[in-house]
Structure formats: C-alpha cells, structure tokens
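Have a look at the structure below, then the notes.
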Amino acid sequence: MNIPARTFAGMGWVVEKYGTRANINPGQAKKEQLRHAIQSASHPNYRTIYSHTGWRKVDGEWCYLYSGGAIGANGLDVELEGNLTAYTLDVPAASPKASADFLEVGTLRVTAPLLCAMYLAPLCEFARGDRPAFVTSIVGQTGSRKTTICALAMSHFGNFNSKQTTASFADTANSIIRKAFIVKDAPLLVDDYHPTTSCRNHENMKATAQKLARAYGDLNGRSRANPDGSMQVSTPPRGLGIMSGEQVPDIGESGTARYYLIEIGMEDVPPTETLTSMQEKARNGALRGAMRGYIEWLSPQAEKLPQRLESSFTRLRQQIAQSLPDIHGRIVEAVAWLLVSLELMEEYFNTKDVALDHQAIEEALIQNAQTQAKTQSQEKPVDMFLETLQQLLATNRVCIDGYGETQGGERIGYMKNTEVHLFPMAAFNAVCKMYKEQDSHFPISRTDLWKRMGLKGFKENHNGKTAQVLAISRERLEGGHEVMI
C-alpha cells in the first residue's frame, strides 16, 4: 500500500489500513493507554461483506449476489442499504411460465421490451466491449399504469410494487448514480418524471434525466479528485437503467438517443384479471423463481458468455442496421441487445418446455424503435428551427421583406427571387425568445445550428455588403423538402 509521507509520522493510518490487529505500544497519554488496552483485550472476528448485487467471482467460482445471500455460493454476506434491500432472490428456482405470462398483461409492444430488459440485465457482466448502453424509458400520461407494469417487471429481482420502487426523480442525481453502481447486473427503476409548474423542480428533473442518459449511455462514472490530489475510484453504472414518466425529458437529440422509448397508452395495460393474477404471482415469488432459474442456468456458461454475446450482438446489430437504415445507431444497438437477450431467454425457456413467440416479440421491439425514430425526426434542431420560424411568421411576430402582404414584428430577413435570406443572429434570437417564453430552450447553439444546416444544403454567404445571410428556399421554409443551393 502507498502511505503519503506527510501522514506517515502521525501513524493515524495504521488501524485504517491494518485493522485492530496492528496494536502500537502506547505512549504517556491516557487515551493512548486506553486504546492499547482495548485492542489488546479484543479478539475480533473478520468477515467479508459484499455491498452490491450481481455477478462476482469468489474462490474461483462465479456467483450472483443479492440482498442477504448469493446464487452459486453459501455463507456469503451481502448487505444493501435503504430500499435496495428489496433486491432478493431468496426463493427456489421455478418454471419461467410466470415470465411468459407477463407478456399477456398488456400490449406486447410494452411488455416484450420490459421482459427482454429483465433477462438482459444479468448479462451485463459478460458483455465486454459494446455493453448495453441505454435506458429503457416508459412514457405515458398519469393513470396509464406505467409504474405498475414497471414494478411488476422489476419483481423478477425482488420485492417490488408500484408503491416501492428503487429510485425516483425526487432523489438527487448523485444518489441515483450511486445506486446505479451498486445495482450490478440488475435493473434500476427511476420513477415519476412528471410535468411541474416549478421551474426549479423542472430543471432539477431534467438535469437528473440528462445525467442518467449520459451515465448509462456512456458507462462512465464521474471522475473526482481526493483532497490530496489523487483520483477517486470511478463508479459507473453496472446494470440496466429503466425510467418511467409522463413525458420524454427535453435533453436534446443525442440525449434521447440513449433511451429506448416505450410509449404507453391508457389501454395498453388494462386493469384485468390477468394483471391482478400476475401481481399475485409476483408477491408469491414466481417471477423471482423464474429469474433465479435463469441465473442458475447461466452460471455454468459464464466463461463462454463474453464471446457468445459479442458474436450475437455484432450479428444482430448488422441485421437491424440494414433493415432500419434511418434509425439512430444507438437505438439500433439497444434493439440488438434486447434481441440478444431474447435469444438466450428463449433458449432457457425451451429447456423448461415454455414456448415464446419469437417473431411477435421481435416485431414489437422494432415497432418501438420505428416510433422513436419518427418522434426524434420531428425534434431535430434544424426542423425545430424552421418550424418555429413558420409560427413566428404566421403570428406576425417577425417579418421578412417581400414575404407575404401583411407582416409585422422584427425584421429578420428579405426575399431574393425564390430564396429567403435570413439574418442569422436576428432569426436565431427570435426563435430562442419564443422557446424561453414557453419555459424551454433551443437545444443547440447558433454556431452548431448553422453547421447542421450547412450539412443539409443551406448556405451562409454575404449579401453584397458585410452582413452574413442564410439562404433558404421559400418552399423549404414553408414545409417543403427541396433545398435550394
């Protein structure tokens, strides 16, 4: 071990580093003599206490830790804090029939990706290289039972219900990120992203959503320094993130690309006897038993899993990218990982004579990805900028010389032949002002916006004097697709 020179002489590091077994002879001070006497009379028992869930190699064998014990090893002490003590798999392995029945609780487009996420979580340890790096996000209005279905899925890993989840957007971002490190090879549900009239609360929730997206999407912990200048150990997420809320956080295009979005409607999880029955099975440990059986089945394959997962992921990512060429690469990777999980889940279910409709589940996963891609295309900064300009012109809040008969508001450009020449600073400021009035903000800077518009064929040039102008065809400004260059 390394002991800084400035702390060596004080000897305060001895017990910290070596425990009570290192007993230094006392000096003249009474407290030193008392300390020496207590240590001399003590005969402490030493034990190793694990403070996280998931896979761990102990004495050369793989075991899966949960609150209070481990699958694959006896006598291990695992202690989790707070509501994380709900992560427990202290039930016998059971048939995965209850897991298969989970798919019938609601629309397959909702239940299929949630179930695949549950069976993907224990694979995180063995997914080397391109690991699962996304957050499964369930979005729907209040009363759609999104928390109910999420908690039911989480019941594969412990005692969870809609009143007891692992984290919420009322928590601090740092506490959630810390839990994301502790909850290894298991899902962490962050619940209740909701609209609020408080600007401060809204910004806090949005900042938390941004940190979650970046943490799970990049799998990097925040680097910090100790007071002595040395680096603290990084604590990145080590499992899968799940988020539920009433709306998609406004964290920009790259941020939302780190989500796999599931939009849930009021009728997607109906309050039927099927739901009630599944909740009863969850309380009785049927879903935990199914997950325990799956983990026991994975354990003998642990050493070969990294190679298998890498091969399957590469193959499926290529297939999805070819069949869905217009979808963001991160969403393609999320779908590929969920399909990797489906393959292993189906293989395990078959050993227990439980059948799954592979094609229907795959179609449900892809349907969500297509819906998300369509939604994101409507939120890209260039389209957002042009659509906002249309609204400003329609409401006479800005004007363009030669564009229309009745106009009012600030002048932001002029017509030249069939092109609209915008004054970049004035046009951008007008758009930002409108966003600010709606307690929002435009997602990127003016410089970045012009770069993106340049990639789409828009050009910035001089208007014969010194001012820069941005040339846009009138048709494109009004919603057409032709770009004049």
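The values are calculated or read from the model by the stated rules, or taken from the named source; none is laboratory data. The structure presented is a predicted model; accordingly, all values stated were derived computationally and were not measured. Positions of Cβ are backbone-derived with ideal geometry, glycine not excepted, and every protein chain shown enters the neighbour counts. Only protein heavy atoms, including side chains, enter the accessible area calculation; ligands, DNA and RNA are left aside. Shrake-Rupley method; radii C 1.70, N 1.55, O 1.52, S 1.80 Å.
Observations on the structure shown:
- Label selected from (i) 23, 53, 21, 3; (ii) 20, 43, 26, 9, 1; (iii) 18, 39, 24, 14, 4, 0, the criterion being P(r) over Cα pairs in 20 Å bins from 0, in percent as computed here: (ii)
- Alpha-carbon centroid distance for the pair the range 34-62 / the range 289-343, whole angstrom: 37 Å
- Looking at the chain, the DSSP beta bridges with both ends there are about 50 percent antiparallel.
- Met243 long-range amide H proximity, modeled H, under 5 Å: Thr136, Ser137, Ile138, Val190
- Cα point-scatterer Debye curve for the range 292-426, base-10 log of I(q)/I(0) at q = 0.11, 0.13, 0.16 Å⁻¹: -0.62, -0.71, -0.89
- Cα centre as origin, Lys/Arg/Asp/Glu Cβ charges: the chain dipole, Debye: 1880 debye
- Peptides 213-219, 90-96 ranked from most to least packed by the mean count of surrounding Cβ atoms within 10 Å: 213-219, 90-96.
- Straightening the chain between Gln141 and Gln301 buys 53.4 nm, computed as 0.36 nm per residue apart minus the Cα-Cα spacing.
- Between the listed residues Gln39, Leu212, Thr136, the Cα displaced farthest toward the positive end of the dipole of the chain, a dipole computed from Cβ unit charges relative to the Cα centre, is found at Gln39.
- Percent RCO, i.e. relative contact order, over the chain, from Cα pairs under 8 Å lying at least 6 residues apart: 15 percent
- Nearest 10 degrees, 0 to 90: helix 446-455 Cα axis against the chain principal axis: 70 degrees
- The long axis of helix 173-182 is offset from the longest Cα principal axis of the chain by roughly 50 degrees.
- The range 237-299, dipole about Cα centre (Lys/Arg Cβ +1, Asp/Glu Cβ -1), debye to the nearest 20: 540 debye
- Here Ile49 sits with roughly 70 square angstrom of accessible surface, probe radius 1.4 Å.
- Here the Karplus relation 6.51 cos²θ - 1.76 cosθ + 1.60, evaluated at θ = phi - 60°, turns the backbone of the range 316-331 into coupling constants of 6, 4, 5, 5, 5, 4, 6, 7, 10, x, 8, 8, 3, x, 5, 5 Hz, with x for every Gly and Pro.
- For Gly69, the residues whose modelled amide H falls within less than 5 Å of its own, excluding neighbours fewer than 5 places apart on the same chain, are Val78.
- Per-residue SASA entry for Lys281, accessible area with 1.4 Å probe, Å² rounded to 10: 70 Å²
- Our coupling estimate for the range 67-80, obtained by passing each phi through the Karplus curve with A = 6.51, B = -1.76, C = 1.60 and θ = phi - 60°, is 4, x, x, 8, 8, x, 7, 10, x, 7, 9, 10, 10, 10 Hz, Gly and Pro reported as x.
- Helix axis angle, 108-120 relative to the chain longest principal axis, alpha carbon, degrees: 40 degrees
- Under-5 Å amide H pairs with Ser95, H placed in peptide plane, nonlocal only: none
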